[in-house]
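*Asks:* The structure that follows is given in the form of structure tokens.
Derivation of every value follows stated rules applied to the coordinates shown; laboratory data play no part. These figures come from a predicted structure and were not determined experimentally. Methodologically, a virtual Cβ is constructed for each residue, glycine included, from the backbone with ideal geometry; neighbour enumeration extends over all protein chains shown.
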Amino acid sequence: MTEQVPIPAGMRRKPRQARSQERVNRILDVAEELFIADGYTATTTNAIAARATVPIGSLYQFFPDKSAILQALALRYNSLLRQRLIELDAVELGTLPMAAYVDRIIDTTNQFFTDCPGYHAIFIEAQSALPELEEIEETADAQLIQDLAASLTKRNASLEPADYDAIAFVIVKAIGTLLWLSLSQPPIFRQRLVAETKRLTLHYLQSYFPNDFHI
């Protein structure tokens with residue numbers, strides 16, 4: 001991953017030059033690898049710096065401690081997921097039948113979890129030990145809810161703004177929770193849970209958009 005990283009509160013300074021951004025990306029890439037392989041608790045900043053071939057002093061220029069690195073990783077994961085969903089919405093979501101609309105959103109989210117195994121592997125261990133992660137996740141969900149509410153408005157503008165906000169809240173939280181829980185299940189059952197998440201979402205949306213279920 002080489003996306004520009006949003007800056008968490010615990011990060012010392014923002015990289016302003018391409019070379020600095022490349023160094024930060026390398027630190028995050030290596031940290032992700034080590035957190036997955038050895039666990040967040042067992043990984044040290046010294047190990048991250050050595051594997052990334054970055055002087056430990058340079059690492060500390062950007063990250064005061066390991067938790068700041070984890071927060072930056074969390075922001076990068078969430079930024080990537082949001083980017084994929086925004087790109088999907090811009091290209092095709094508005095013209096799809098509702099069943100296909102639901103399929104695309106859930107398939108894109110599920111593919112993100114598949115492409116970024118560290119998201120689950122790292123945070124299943126670290127989330128209880130680092131309260132800052134919960135705030136990052138809540139902020140990310142709020143952005144996704146806002147995006148989805150806007151997307152639903154394009155499909156049918158007859159509801160009240162509060163309706164779109166509530167619908168988007170339910171969908172984002174339901175999809176995120178169910179797909180997150182599916183990651184710890186055997187592959188076949190995980191696929192079943194993805195299908196059930198689509199079924200649940202589709203029937204829920206049908207109660208608000210009964211005329212938008214053409215095939």
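*Asks:* In degrees, nearest 10, range 0 to 90: what is the angle between the Cα axis of helix 18-38 and the longest Cα principal axis of the chain?
*Replies:* Orientation of helix 18-38: about 80 degrees from the principal axis.
*Asks:* Using a Förster distance of 35 Å, how high is the FRET efficiency between Ser128 and Asn211, based on the Cβ-Cβ distance and rounded to 0.05?
*Replies:* About 0.20, to the nearest 0.05.
*Asks:* Report the relative contact order of region 17-175, percent, no decimals, based on alpha-carbon pairs under 8 angstrom and at least 6 residues apart.
*Replies:* Result for region 17-175 is 24 percent.
*Asks:* For region 154-161, take each phi angle, set θ = phi - 60°, evaluate the Karplus expression 6.51 cos²θ - 1.76 cosθ + 1.60, and give the result in whole Hz per residue in order, putting x for glycine and proline.
*Replies:* Using θ = phi - 60°, the values come out as 5, 7, 7, 9, 8, 8, 7, x Hz.
*Asks:* Let me ask something else about it. Just to verify a number: FRET efficiency for Asn156 and Asn46, C-beta to C-beta distance, R0 = 41 Å, to 0.05?
*Replies:* Between Asn156 and Asn46 the formula returns 0.15.
*Asks:* Separate question: If exposed trypsin sites (Lys or Arg not before Pro) are those in a DSSP loop with at most 13 other Cβ within 10 Å, what is the longest stretch of the chain that has none?
*Replies:* For trypsin sites (Lys or Arg not before Pro) (loop position, at most 13 other Cβ atoms within 10 Å), the longest site-free span of the chain is 17-215.
*Asks:* Related question: So what is the calculated 222 nm ellipticity per residue for the chain, using -39500 (n - 2.57) for each DSSP H run with n of 4 or more, over all residues, to the nearest 500 deg cm²/dmol?
*Replies:* -24000 deg cm²/dmol
*Asks:* On a full-extension model of 0.36 nm per residue, what is the gain between Asp107 and Val91, subtracting their alpha-carbon distance, rounded to one decimal in nm?
*Replies:* Result: 4.2 nm gained on full extension.
*Asks:* Let me ask you something else. Straight-line reach from Lys154: which aspartates and glutamates have Cα under 15 Å away, leaving out those fewer than 8 places along the same chain?
*Replies:* Qualifying aspartates and glutamates at Cα under 15 Å: Asp89, Glu92, Asp163, Asp165, Asp212.
*Asks:* Can I ask one more? Towards the positive end of the charge dipole of region 92-177, with charges on Cβ (+1 Lys, Arg; -1 Asp, Glu), say which of Ala121, Pro131, Met98 has the farthest Cα.
*Replies:* Met98
*Asks:* May I ask you to list the aspartates and glutamates whose Cα is less than 13 Å away from that of Lys66, ignoring any residue fewer than eight positions away on the same chain?
*Replies:* Lys66 reaches Glu32, Glu132.
*Asks:* How high is the FRET efficiency between Thr177 and Glu135 when r is their beta carbon distance and R₀ equals 22 Å, given to the nearest 0.05?
*Replies:* The formula returns an efficiency of 0.80 here.
*Asks:* Here is a further query. Rounded to the nearest 10 degrees, what's the angle between the helix 98-115 long axis and the longest principal axis of the chain, both from Cα atoms, 0 to 90?
*Replies:* 20
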